[in-house]
1. Residue by residue through region 170-183, what is 3J(HN,Hα) from phi via Karplus (6.51 cos²θ - 1.76 cosθ + 1.60, θ = phi - 60°)? Round to whole Hz and write x for glycine and proline.
2. Most exposed first by the Cβ proxy, i.e. fewest other Cβ within 10 Å, how do Leu121, Leu299 rank?
3. Could you run the Karplus curve 6.51 cos²θ - 1.76 cosθ + 1.60 with θ = phi - 60° over region 274-288 and give me ³J(HN,Hα) per residue in whole Hz, x for Gly and Pro?
4. At 0.36 nm per residue, minus the direct Cα-Cα distance, what do Ala203 and Glu245 gain on full extension? Give it in nm, one decimal, please.
5. Whose amide H sits under 5 Å from the amide H of Leu259, counting only residues 5 or more places off or on another chain, with H placed in the peptide plane?
6. Mind jotting down the distance between the C-alpha centroids of region 152-204 and region 105-120, whole Å?
7. Using the count of nearby Cβ atoms within 10 Å as a rough guide to exposure, how do Thr239, Thr301, Thr275 rank from fewest to most?
8. In percent, what relative contact order does region 68-320 have, based on Cα pairs under 8 Å that are 6 or more apart in sequence?
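Nothing in this text is a laboratory measurement; each read-out follows from the coordinates by a stated rule. Predicted, not measured: the structure shown is a model, and the values here were computed from it. Using ideal geometry, Cβ is built from the backbone for each residue, glycine included, and neighbour counts are taken over all protein chains shown.
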Amino acid sequence: MRPALFILAILVALPLAVGCDDDLGTEPDAGPDADQPDAHAEPDAHQPDAEEPDVEEPEPRQWPDAREGCNGHPDLCDRPFHQVVFPATHNSMGNDEDGWWVPNQNYNMRTQLIDGIRVFLIDTYDEDGEILLCHAHCELGSRPLLEAMEEFRSFLEENPDEILTIIFEDHITGDQTVEVLENAGLVPYVYTHDDDAGWPTLAEMIDAGTRLVVTNESAGPPPAWMHHVWDLGWDTPYTFGDLDEFNCDHNRGTTDGDLFLINHWVLDPFPSTQTAQVSNSYETLMARVDECEQEFGRLPTFLAVDFHDIGDLFEVVDVLNGVASPR
């Protein structure tokens with residue numbers, strides 16, 4: 001998920017953007033949604049003329065009450081994992097809520113979990129011995145991988161009927177990934193795929209306690225639970241500069257596999273919330289999924305977007321899973 005043009009554009013545009021702000025002294029355009037209330041936002045008690053009080057960091061949002069059924073839907077319990085469509089986020093770690101530059105998401109991964117995201121496409125790097133989540137240049141934003149994985153463990157503990165998947169764009173060794181997941185206490189939750197046995201149902205995974213599917217783009221087993229994602233399935237291209245460029249060509253991996261990832265976002269050259277209003281709309285998402293279903297004869301396993309809170313991702317996933325009626 002790191003097209004060279006995108007990285008180069010960040011490096012060029014970043015100092016220019018800072019310089020423009022300093023020279024002009026103007027506030028950036030808040031955009032068309034500036035006056036819309038934010039369901040995730042905390043009330044702002046700051047008064048411009050008041051003395052700045054000493055305030056403690058706000059407590060993180062609490063996990064929601066555990067949902068009934070499998071990933072919130074009883075009708076999914078008897079369905080094999082690879083026949084379920086899961087909502088996913090691209091560059092899940094890069095978010096505006098935590099102040100990352102050029103974010104792909106508005107909200108952090110904790111908020112994404114609370115909202116219903118169940119598949120996370122995240123990038124890992126070794127920066128001077130510290131294993132971080134970041135995207136190409138950790139100066140633009142980073143977070144310790146261990147901290148994020150501990151948050152995943154906490155979610156799985158509090159939500160016993162939920163199944164998560166991680167797709168690591170791993171720029172670290174397999175041993176480093178294993179060590180972090182061990183230290184985070186996630187290994188007891190991991191699923192190990194057996195090609196001969198096929199994919200279990202969601203209920204079987206929940207009953208077995210193996211509710212975390214771990215995959216990597218580079219490293220693979222051992223251990224057996226650390227899967228190489230392109231041995232299990234395939235994806236579409238991901239370098240779209242315009243909505244008209246969306247296609248369903250085969251990109252990476254094997255179409256003989258069971259898992260199918262649709263990459264559905266636009267970089268022109270940066271992620272855009274305005275573009276996401278169209279790309280994440282019901283009509284655009286459904287049209288893309290229909291095209292890919294015609295191409296490959298099946299629905300996706302993972303449908304990944306930027307700015308998950310904009311548009312109709314969750315409605316589309318529910319319709320594709322047959323737990324909601326189409327428009």
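1. Running phi through 6.51 cos²θ - 1.76 cosθ + 1.60 with θ = phi - 60° gives 8, 9, 10, 7, x, 4, 5, 4, 4, 4, 5, 5, 5, 5 Hz.
2. Working: Leu121 26, Leu299 17.
Ascending number of Cβ neighbours within 10 Å: Leu299, Leu121.
3. The phi angles translate into 5, 5, 4, 4, 8, 5, 9, 6, 4, 5, 6, 4, 4, 4, 5 Hz.
4. Numbers: separation 42, 0.36 × 42 = 15.12 nm, distance 3.83 nm.
Working it through step by step, the gained length comes to 11.3 nm.
5. For Leu259, the qualifying residues are Gly233, Trp234.
6. Computed from Cα coordinates, the inter-centre distance equals 17 Å.
7. Numbers: Thr239 16, Thr301 23, Thr275 20.
Going from least to most buried by this count: Thr239, Thr275, Thr301.
8. Working: 515 pairs, mean separation 51.6, N = 253.
Value for region 68-320: 20 percent.
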